[in-house]
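Below is one structure, written out as structure tokens; the observations come after it.
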């Protein structure tokens, strides 16, 4: 004879959808891996719903709440669909009030996948999203809503990552399929939480962009070398090119490997291009000088001395507008 499941462990509502309010409070953003596009965080997930079967009338001097374990009552099974590994549960608490309202809270650790938009790197910001929806078997019985009161992010000093600012947490409730593509996960509703983070760009500004700009400025030194001294001009320019290449190789391990061009990629190519333009200018001016046209060579040099820096600044601003501000 098969034992029957206790009534309190069966879903309430007589087959009607059960409204469950979900909240997410982030305690610590542990890591953000740009290579695998995953992040790890710890926090509290809260769930609240009403089960009339657990209602009671407290007597004089009796507690107005009852505590339960998961084996004693029915509770909604929720999962984080974009988790890269099963979330780890360290502790939980389930308490029911006199009217049958049940409050459940768990402390968890999860490593989740999130699509990063790194086009503006390193002046980018990200929304690290967490998708919560009912587990298989309860999909059509549960309607999820966001609980704003229990949703937020800690302001403790250990919460953000060293190179990221943790600003706020956003949320939205979505009905229908979790994915609009064919074969998407069916769910009557699900909620999406987004942890908004912004990269601290000062590190990259002083460690990458400023040295690159200074390398380009060093290459402009050939514009003040006598036009008949081609060896010195090429020595400065070629040395700057080699330094730029070595600098790029040294930075390869801290840059995100993405299939599209980022702001850093575009700025590096711009610096490389202007150093090559400086070499081309030196060759053109020296060639003009060798053809016994010293005055024409000097006119070209007087134009390129202010023109190259101005073009570099303007081109850099155009790249910033194109990649960062658009």
| Ranked packing of 250-260, 213-223, most packed first, by mean Cβ within 10 Å | 213-223, 250-260
| query | Ordered by packing density, taken as the mean number of other Cβ atoms within 10 Å over each peptide's residues, highest first, how do 164-175, 138-149 rank? | reply | 138-149, 164-175
| request: Rank 192, 249, 20 by mean-square fluctuation in a GNM of the chain with C-alpha springs under 10 angstrom and give only the top-ranked residue. | output: 249
| task | Just need the relative contact order of the chain here, percent rounded to a whole number, with Cα pairs under 8 Å and 6+ apart. | result | 16 percent
| task | Note the angle between two axes, namely the Cα long axis of helix 230-251 and the longest principal axis of the Cα atoms of the chain, as a number of degrees from 0 to 90, rounded to the nearest 10. | result | 10 degrees
| request: Please express the shape of the stretch 84-144 as an equivalent ellipsoid: the semi-axes are the square roots of 5 times the eigenvalues of the C-alpha gyration tensor, given largest first in whole angstrom. | output: 33, 15, 13
| field | Computed log₁₀ I(q)/I(0) - Debye formula, equal Cα scatterers, no solvent, the chain, q 0.08, 0.11, 0.16 Å⁻¹ | value | -0.57, -0.81, -1.26
| task | Compute the long axis of helix 294-323 from its Cα atoms, compare it with the longest principal axis of the Cα atoms of the chain, and write down the angle in degrees, 0 to 90, nearest 10. | result | 0 degrees
| Peptides ranked, highest mean first, by Cβ atoms within 10 Å: ranges 194-200, 59-65 | 194-200, 59-65
| message | As a test of the formula, what do you get for the chain when each DSSP H run with n ≥ 4 contributes -39,500 (n - 2.57) and the sum is divided by the residue count, at 222 nm and rounded to the nearest 500 deg cm²/dmol? | response | -9500 deg cm²/dmol
| note | Whole-Å distance linking the alpha carbon centroid of the stretch 206-260 with that of the stretch 76-125 is 46 Å
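No lab work stands behind these numbers, since they all come straight from the coordinates. Treat the numbers as computed from the prediction; the structure is a model and nothing was measured. Cβ atoms come from the backbone with ideal geometry, glycine included; neighbour counts cover every protein chain shown.
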